[in-house]
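The values are calculated or read from the model by the stated rules, or taken from the named source; none is laboratory data. Note that the coordinates shown come from a computational prediction; the quantities given were computed from them, not determined experimentally. In this analysis, Cβ positions are derived from the backbone assuming ideal geometry, glycine residues included, and neighbour counts consider all displayed protein chains.
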Amino acid sequence: MSRHAGKFLPSPQPGTKPFWEGCRQGQLLLQKCDQCGAQQFYPRIICTSCSARSLQWVESSGSGTVVSWTIVRHPVSEAYAEDIPYVIALIKLREGPTMMSQIIDCEPESVHCGMQVSVCFQDWTDDVSMPMFRVCSDNDD
Amino acid sequence: MHNLRGKTAIVGAADTAVGKVPDLSPTELCVDAALRALADAGIDKDEIDGLVTCQSMAEPHMYHAETVAEYLQIFPRYCVTANAGGGTTFSTIRNAAAAISAGICETVLISMADSLRSGLTRAQAMAMQSSTGHPQFEIPYGPTVPAYYALIARAHMDRFGTTPEQLAAVAVNGRNYASQRAGAQMSEIITVEDVLQSRMIADPLHLLDCSLVSDGGAAVVLTSAGKAKEHRGNPVYVLGMGEGHSHEHISQAKDLSTSAAVQSGREAFEMAGLTPAEIDLAQIYDCFTPVVLIELEDLGFCDKGEGGAFVESGATALGGQLPMNTNGGLLSYCHPGNPGSMFALTECVYQLRGESEQRQVKAARTALAHGQGGIMSSHATLILGHEDTL
């Protein structure tokens, strides 16, 4: 875990704690609106579609599509230097919401828009597991 | 909406020295910009009853504008610190124009400066800029500011076939003007090839696709049209203003290749009663090259997806259809962070007063300045005009 020492860690807030606890359990949690059924990310106290305040946690399939991506060549801080080059991507989950993550265990230059990826979890500390994505083996190309 | 067209005018404008200015603190640079703008306006500081500044990253004050007022020994009725830069700068102009029109104050000094180059280490500047990401759902992944904008560039390339050469053309355009602007931080002419050969920072953005890290400041004096008429010199009138906000964090953007510049531009053109074809020159926020293409499209200067071809055609060069970023912009003239958009504003003023020397756009009567902040999130557009356009 020392590989992640000094990185910027998320500080769970009351409304996001279940999400981060889900990550510890290997689950990517989204919120589903009781009223309109829309699913959303990041966690909020209201539905972004209909403004209802009643939401349930549901597990995402963890599958998504790369909407955009970049290869970071110059690290944001020393703690990230060992990971260079790393792929930052925006991933549209099958359920609808988009999230930022890294695509790991791949040849950075092989990433492209429309690529299918699926979630995995990387333990950074005893308390924090980060949702990351890997390239799906069933990509056509 | 209350029509603010022509109700206020800029009667003073000035830039400090820019680039590396280690001999003045950020607060002193802000005061220096203010004094220069007052001298340009030819008015006494006691005539100022409104003050707007922006927060400094290198020398923050909890009450920044109040601190600058105290330093200058002015005692305004309207005193505001802008917390951020980009579009926020032009939002403060709109707010000040509204305050003047509402009779809250009459003459507002807007002065902004910072020293990102001399006042912060490179690591501090990088950490400060990257903190714009979402603290839980973006920042831990280690995105840099160029990486955020690279996501926008990639989306535009994927959707419209925009090329790295077209992005590079934006940087080349800015540098050509900067070579004609005395005091610009970077003035050596570059080619598309130079941009493509420069170090890759975050694919597809090369070093020369990224704006500068600078020291510097600029200020303007904004007053009522009534008072401007009594003023000697050439007042520059505020004809149109608009604002639009679509998201804050890039992972929440509903569309990566179209921005809220659509809304801010539409509002500003409507107020001004002008169309894009009637704009003589523009300063288009250029923190990274792809931003310029999207803004040109969204403001209506070219069709959606055609921004790259538009710049590549030479339309933005001096003598072209829309001379753009005529001081060199954030890419080549100066980018001290929050104050960055102020130089776009002062450049519009110099152009409309006919003072831009070798880079002067002939018979310039209308100018547009567009700023954006966050990550392509908050957009604000200003349209300015010579007295003839009233």
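See the values below:
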read-out: Residue in region B:182-204 that is in contact with a Phe, Trp or Tyr (Cβ under 9 Å, 6 or more places away or on another chain), modelled with pLDDT of 95 or more and assigned to a helix (DSSP H, G or I) present; value: no
read-out: Residue selected from region A:124-135 under the condition away from every other protein chain (no Cβ under 14 Å) and closer than 17 Å to A:Met100 by Cα, by the criterion surrounded by the most Cβ atoms within 10 Å (Cβ to Cβ); value: A:Val135
read-out: Output for region A:9-37, where each listed residue is in contact with a strand residue (DSSP E or B) (Cβ under 8 Å, 6 or more places away or on another chain), within 14 Å of chain B (Cβ to nearest Cβ) and without any contact (Cβ under 8 Å) to a residue 60 or more places away in the chain; value: A:Pro18, A:Phe19, A:Gly22, A:Leu29, A:Gln31
read-out: From the options B:Ala150, B:Ala82, B:Ala65, residue that is within 14 Å of chain A (Cβ to nearest Cβ) and crowded, with 20+ Cβ neighbours inside 10 Å; value: B:Ala150
read-out: Region A:77-104, subset buried (at least 20 other Cβ atoms within 10 Å of the Cβ) and free of Cβ contacts under 8 Å to residues at least 24 places away in the same chain, residue farthest from the other protein chains (Cβ to nearest Cβ); value: A:Tyr86
read-out: Residue among B:Gly142, B:Gly174, B:Gly161 that alone is surrounded by 22 or more Cβ atoms within 10 Å (Cβ to Cβ) and farther than 30 Å from B:Tyr237 by Cα; value: B:Gly142
read-out: Answer residue from region B:222-267, given it is hydroxyl-bearing (Ser, Thr, Tyr) and over 21 Å from the mean Cα position of the chain (by Cα) and is farthest from the other protein chains (Cβ to nearest Cβ) among those; value: B:Ser224
read-out: Any chance B:Ala364 is part of a loop (DSSP other than H, G, I, E, B) and at negative phi; value: yes
read-out: Hey, B:Phe90 of a type in the set (Phe, Trp, Tyr) and within 14 Å of chain A (Cβ to nearest Cβ) or not; value: no
read-out: Flag if B:Gln180 is in contact (Cβ under 8 Å) with a residue 60 or more places away in the chain, in contact with a Lys or Arg (Cβ under 6 Å, 6 or more places away or on another chain) and more than 10 Å from chain A (Cβ to nearest Cβ); value: yes
read-out: Residues that are among the polar types (S, T, N, Q) and either crowded, with 24+ Cβ neighbours inside 10 Å or in a helix (DSSP H, G or I) (or both), drawn from region B:315-351; value: B:Thr316, B:Asn325, B:Thr326, B:Asn327, B:Ser332, B:Asn338, B:Ser341, B:Thr346, B:Gln351
read-out: Residue under evaluation B:Leu212, criteria (1) more than 12 Å from chain A (Cβ to nearest Cβ); (2) part of a helix (DSSP H, G or I); (3) touching a residue at least 40 places away in the same chain (Cβ under 8 Å), criterion not met; value: (2)
read-out: Condition check for A:Gln35: touching an Asp or Glu at 6+ places or on another chain (Cβ under 6 Å) and either aromatic (Phe, Trp, Tyr) or not in a strand (DSSP E or B) (or both); value: no
read-out: Close pairs from region B:263-275: first closer than 15 Å to B:Gly6 by Cα, partner part of a helix (DSSP H, G or I) and small (Gly, Ala, Ser), Cβ under 9 Å, at least 6 apart; value: B:Leu274/B:Ala268
read-out: Residues within region A:44-58 that are surrounded by 14 or more Cβ atoms within 10 Å (Cβ to Cβ) and in contact (Cβ under 8 Å) with a residue 12 or more places away in the chain, tallied; value: 4
read-out: Among residues of region B:226-259, those that are of a type in the set (Ser, Thr, Tyr), in contact (Cβ under 8 Å) with a residue 60 or more places away in the chain and part of a loop (DSSP other than H, G, I, E, B), counted; value: 3
read-out: Single match in B:Leu352, B:Leu296, B:Leu318 (criterion: more than 19 Å from B:Gly87 (Cα to Cα) and in contact with a strand residue (DSSP E or B) (Cβ under 7 Å, 6 or more places away or on another chain)); value: B:Leu352
read-out: Scope region A:38-61; condition within 14 Å of another protein chain (Cβ to nearest Cβ) and assigned to a strand (DSSP E or B); matching residues; value: A:Gln40
read-out: Meets criteria (over 17 Å from B:His335 (Cβ atoms) and touching a strand residue (DSSP E or B) at 6+ places or on another chain (Cβ under 8 Å)) for B:Val192; value: no
read-out: Test: residue in region B:260-276 that is more than 18 Å from B:Ile93 (Cβ to Cβ), buried (at least 22 other Cβ atoms within 10 Å of the Cβ) and at pLDDT 95 or above; value: no
